[in-house]
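Bear in mind these aren't lab numbers, they're just calculated from the coordinates by the rules spelled out. Keep in mind the model is a prediction, meaning the values are calculated, not measured. Cβ coordinates were reconstructed from backbone atoms using ideal geometry, including for glycine residues, and neighbour counts include every protein chain displayed.
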Amino acid sequence: AAAPSSAPTRLAARAGRTQQPARVVADLRSLVGRDLFGMSTLSPSGASEPVRRARVLGVEAYALGELCDMVMAVEEPGTFRGDSGMAWLTKDGRLAGIHARGEDSPAGSRLTSAMSARRAAKWLDVDLLLDG
């Protein structure tokens, strides 16, 4: 039988050398009315850069048919299918949320929701890391 791959071990070691523990937002209520920034890996036509900007409309609110930790209005071009998991950061670099879903629109979703980064880390029992 083949030996188990050590790829996961090597990846974890490399991440530990190049990443820093994320500072997470403790009180989501402090974000209402403020802007968050996300780095999308998608490049829809007409989008000149990958940075997405969103204003927090509410926290612990109903939107898109479900209870959401954060509800945001995203500036054009919006978010797209495949942005799920994108980190939403404050201007000072704190991790606020993890993109969950948006409206079903091929032209880009302007209304999106996110899960609290703090709650996600606690629920998954993981340490969140960001580029240092």
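Some points to look at:
- Overall, region 59-106 carries a charge dipole of about 160 debye about its Cα centre when +1 sits on the Cβ of Lys and Arg and -1 on the Cβ of Asp and Glu, all other atoms neutral.
- Full extension of the chain segment joining V126 with K91 gains 10.2 nm, where the gain is 0.36 nm per residue of separation less the Cα-Cα distance.
- Global form of region 76-132, assessed from the alpha-carbon gyration tensor, a/c cut-off 1.5: prolate
- Computed over neighbours whose Cβ is under 13 Å from that of V59, the net charge equals +2, Lys and Arg +1, Asp and Glu -1.
- A simple spin-label model places the labels of E103 and E60 2.7 nm from each other, with each point 7 Å out along Cα-to-Cβ.
- Taking amide hydrogens as placed 1.01 Å from N in the peptide plane, the amide H of R23 sits under 5 Å from those of L95, each at least 5 positions away in sequence or on another chain.
- Relative contact order of region 83-132: 26 percent, from C-alpha pairs under 8 Å at least 6 residues apart in sequence.
- Estimated FRET transfer efficiency (L67, Q20; beta-carbon r; R0 35 Å; 0.05): 0.65
- The residues neighbouring V25, those whose beta-carbon lies less than 14 Å from its own, together hold a net charge of +3 under the Lys/Arg +1, Asp/Glu -1 convention.
- Full extension of the chain between V51 and S30 yields a length gain of 5.3 nm, computed as 0.36 nm times the residue separation minus the alpha carbon distance.
- The string of couplings for region 97-113 from the Karplus curve (6.51, -1.76, 1.60, θ = phi - 60°) is x, 10, 3, 10, 7, x, 5, 7, 9, x, 7, x, 7, 9, 10, 9, 10 Hz, one whole number per residue in order, with x for Gly and Pro.
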